[in-house]
Structure formats: C-alpha cells, structure tokens
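Peer 1: One structure is given below, represented as structure tokens, and several questions about it will come after.
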Amino acid sequence: MLRGNWREGVRDGVHFAYTCPAPRRYVHQWYWDSCFHAIVWSRIEPRRARAELRTLLRAAGEDGLVPHTVFWDRPARWRRAPLYATLTVRGSGATASTQTPLLALAWERVAEASVDAPGFAAEGLDGLRRHYDWLARERDPDDDGLLSILHPDESGLDDSPKYAAAFGWMQHDRPGYFVSVERARRLGYRSRAVMAAGDRHVEDVLFNVAYALSLRALARLLGESPHAAVYRARAERTERALVERCLDERSGLFFDLAGAAERPLRVSTWSALAPLALTGLPDDVRRRLVEEHLLHPRRYRAPAGIPSVAMDEPAFRAGFDRFRTWRGPAWVNSAWLLLPAMADLGYETEAADILRGVLAAIDREGFREYYNPHTGRGHGARDFGWSTLVVDLVGRIA
Ligand code: GLC
C-alpha cells in the first residue's frame with residue numbers, strides 16, 4: 001500500500017520523493033504524516049525513509065519553517081487558498097504554517113535504521129537546527145518554553161473540540177478559518193505579528209510534547225557537539241512548563257492554554273494524555289494518565305483503539321461526523337505514541353490488549369484514516385499511510 005502511495009518527480013529543478021497520505025483524498029506531502037511514513041519505511045526500505053525526510057527538509061524555508069503541506073505536484077493557487085494556509089493566493093509551493101514538529105524524532109529513527117547510509121544522521125543536522133531554532137524564536141513570544149499554534153490544524157488535530165473555546169468561529173470547520181488565514185497572509189505570516197494581532201493562538205499540549213521529544217532526539221543526534229546541550233536544555237524547559245502550567249491537578253490531564261491570558265481549554269482529548277510519552281516526567285503523573293484515563297472504561301478504554309476524545313465528553317462522536325475529524329474516532333498515531341509509553345511504565349499486558357483491538361480493526365477494515373472505537377468500523381480515507389504505524393508498534397510491544 002505504501003508503495004502505491006509513493007510519489008516521485010522533479011518540480012522547479014528540485015527532486016522530490018514522498019508518500020502521499022491517501023491517493024485522491026490527500027495527494028500532497030504533509031509534515032507529520034511524512035514523519036510517520038518514514039518511521040514505517042525505516043523498517044521496510046530505509047532508502048525510501050531517507051528520501052521522504054530529505055524531501056520534507058528540502059521544502060523548508062531559509063528561515064527554518066518546515067511547511068504543514070508541500071504541493072510538489074503543482075503550486076496551490078487561489079482555489080486552494082481557503083483550505084491551505086499559504087502566503088499568497090497567486091501560487092505557493094507550500095503552506096506558511098507548520099505542523100506538529102516530529103522531524104528530528106523521525107530523523108533519529110531513520111538514522112538508526114540506516115546502517116547502509118551512515119552519513120544520514122549528520123547530513124540533517126544544520127537543517128534540523130534551523131527548524132527547531134525557528135520554532136523557539138517565532139512561536140514562543142512569552143518565552144515560557146511552550147510553543148503556540150496559530151491555526152488549529154497546525155497540531156494536526158484539525159477539528160478537535162478542544163479548540164472551540166479558543167478559536168471560536170475561526171475553528172477549522174467554520175468559515176472564519178479562511179478569515180484567520182487571510183489575516184495571517186496580510187501580516188506576511190510573521191508568527192509573532194499574527195499572535196499579537198489576533199490573540200487567537202494556543203499553547204498546544206500535543207504540539208509541545210512532539211517538540212520536547214524531538215529536541216531530545218536532536219540533542220542525541222548532535223552527540224558530542226557543544227550544541228547538544230542547548231537543545232537538551234530546551235527540552236527540559238518545555239517538559240517542566242507542561243507540568244507547571246498545563247497539568248490540571250484535579251483531573252490529572254494536561255490542558256492547552258489559549259491566548260496571551262493562557263486560559264486552560266478543559267476538554268479531555270487524547271492530546272491531554274500525550275505527555276505520557278515524555279519519560280522524564282514524574283512517574284506518578286504518568287501513571288494517573290494511564291489508570292484514571294487510558295484504562296478507564298467510560299473514558300478511553302474502548303474495544304478498538306484509543307478514542308481521540310474521551311467517551312464521556314459531551315462533544316464525543318464515535319464515527320464519521322460531517323467531514324469533521326478528531327472528534328472521537330481512534331487514529332493509529334495516538335496508539336503509536338501512547339502504547340510504548342504505557343508498556344514502559346509496566347502496563348505491558350494492557351498495552352498489548354489495546355494493540356490487539358487496533359489490529360483487529362485494521363484486519364477487518366483495511367488501513368483507513370480512523371476507526372469507530374466502539375465497533376472498529378473504518379471511516380475517512382482508504383489506504384491511509386500512517387495507519388501502517390502498527391507495523392512499528394508490533395515491533396515494539398510484545
Ligand atoms: C487531516 C488530518 C491531519 C493530517 C492530514 C493529512 O487533515 O487532520 O492531521 O495531517 O489530514 O493526512
């Protein structure tokens with residue numbers, strides 16, 4: 001299936017090679033999808049994994065912005081302008097927005113699998129440093145260690161109900177989304193100016209978890225270099241900020257913070273559980289996420305995968321919801337992030353049980369974009385790339 005989704009060619013003299021998330025529905029290159037694809041490719045054909053990540057990094061601007069979406073097939077013109085956060089409507093090769101910053105984590109995984117290309121790790125270092133420096137410089141104006149997203153889809157969780165209170169009519173599934181993109185365009189997509197002008201931005205938990213994981217990976221890739229300590233320190237700072245500012249003592253969940261006033265967005269979605277993946281966090285904080293949420297039968301413990309929204313949230317919808325995503329169905333990438341962390345804490349049997357539910361759904365329905373957590377029924381795109389992350393999971397969880 002992944003071979004069928006492979007796209008390769010030349011645009012404006014630049015060679016590209018990547019896996020499209022789903023033929024027909026998602027034909028471009030997406031940032032975090034490519035990271036997931038590359039991790040799976042690294043187990044099958046590391047050569048393609050390297051090509052996919054190199055292609056993504058090649059799309060980065062001089063400043064270090066790695067785009068949310070890259071239009072290798074043909075530039076995005078005004079027709080796509082309402083849907084994609086491009087800098088102009090005359091024809092952009094990529095968006096001016098970014099997506100959950102997993103690139104360094106994926107780069108490290110692919111480098112580990114690249115015994116046949118030992119130079120791969122070093123080859124990415126300058127570009128990776130530029131990208132993570134850009135994030136620190138542009139997306140943390142209050143300098144508290146937590147990065148902000150400008151639009152809800154920058155976290156990859158486009159229509160998540162957690163964004164309702166923050167983005168209001170500018171949510172991803174509302175007409176105001178286009179207005180917010182247009183306003184950002186007029187400000188030249190200068191992140192700090194966009195945040196200052198609209199005050200609609202969110203310090204997003206999942207985005208920051210991915211950031212901290214990647215900073216640690218980047219520090220490891222830098223090895224003996226004096227720069228390594230800089231990224232390690234940034235990772236520690238972000239992890240501390242997540243605990244100090246996002247952790248809600250009452251529920252044990254981690255909530256996003258909205259706007260300059262940092263209003264907590266108290267909706268239980270799988271993003272509130274994502275800090276489980278940060279092994280440096282206190283064990284008791286991580287255990288609460290598992291015992292009071294992931295394994296709770298009315299919250300996240302479902303027959304097929306991990307629901308994207310807690311089942312006891314009023315906003316929860318188990319199946320397809322009028323082209324809105326992340327409102328309840330289970331996606332494979334959440335299992336990929338959370339199950340190894342559960343196993344690492346000693347919940348191996350429980351993690352393996354949840355994985356069996358995911359596998360059963362995929363066995364029956366194929367690689368779909370997302371699944372009804374109650375029934376395992378597949379929904380959304382078919383031949384969806386990152387659902388193959390189960391291949392990586394099976395390798396890591398007994
Ligand atoms: C949807 C998802 C987003 C993903 C994209 C491509 O928009 O919400 O996370 O990156 O599709 O698969």
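Peer 1: Please count how many residues of segment 59-110 are on the phi > 0 side of the Ramachandran plot, in contact with an Asp or Glu (Cβ under 9 Å, 6 or more places away or on another chain) and either charged (D, E, K, R) or open to solvent by 10 Å² or more (accessible area, probe 1.4 Å) (or both).
Peer 2: Counting residues in segment 59-110 that are on the phi > 0 side of the Ramachandran plot, in contact with an Asp or Glu (Cβ under 9 Å, 6 or more places away or on another chain) and either charged (D, E, K, R) or open to solvent by 10 Å² or more (accessible area, probe 1.4 Å) (or both) gives 0.
Peer 1: Looking only at segment 335-393, which residues are closer than 17 Å to residue 26 by Cα, in contact (Cβ under 8 Å) with a residue 40 or more places away in the chain and not β-branched (Val, Ile, Thr)?
Peer 2: Scanning segment 335-393 gives 367, 369, 370, 379, 380, 381, 382, 383, 384, 385, 386, 387.
Peer 1: So is residue 48 touching a strand residue (DSSP E or B) at 6+ places or on another chain (Cβ under 9 Å), closer than 21 Å to residue 336 by Cα and away from the ligand (no atom under 16 Å from the Cβ) or not?
Peer 2: yes
Peer 1: Take the residues in segment 140-161 that are buried (at least 24 other Cβ atoms within 10 Å of the Cβ) and either charged (D, E, K, R) or modelled with pLDDT under 95 (or both); name whichever of them is farthest from the ligand (Cβ to nearest atom).
Peer 2: Here the answer is 154.
Peer 1: Can you find even one residue in segment 13-35 that is modelled with pLDDT under 95, over 19 Å from residue 84 (Cα atoms) and more than 10 Å from the ligand (Cβ to nearest atom)?
Peer 2: Yes, the conditions are met somewhere in segment 13-35.
Peer 1: Filter segment 293-324 for residues that are modelled with pLDDT of 95 or more and within 14 Å of the ligand (Cβ to nearest atom); which is farthest from residue 380 (Cα to Cα)?
Peer 2: Looking at residues that are modelled with pLDDT of 95 or more and within 14 Å of the ligand (Cβ to nearest atom), I get 309.
Peer 1: When you scan segment 36-45, how many residues do you find that are among the hydroxyl-bearing types (Ser, Thr, Tyr) and near the ligand (Cβ under 10 Å from one of its atoms)?
Peer 2: Qualifying residue count, segment 36-45: 0.
Peer 1: Take segment 1-12 and flag every residue that is among the basic types (Lys, Arg) and either farther than 28 Å from residue 390 by Cα or more than 16 Å from the ligand (Cβ to nearest atom) (or both).
Peer 2: Within segment 1-12, 3, 11 meet the criteria.
The values are calculated or read from the model by the stated rules, or taken from the named source; none is laboratory data. The model shown is predicted, which means the values in this text are computed figures rather than measured ones. All Cβ positions, even for glycine, are placed from backbone atoms using ideal geometry, and neighbour counts span all protein chains on display. Ligands, DNA and RNA are excluded from the accessible area calculation, which covers all protein heavy atoms including side chains. Shrake-Rupley method; radii C 1.70, N 1.55, O 1.52, S 1.80 Å.
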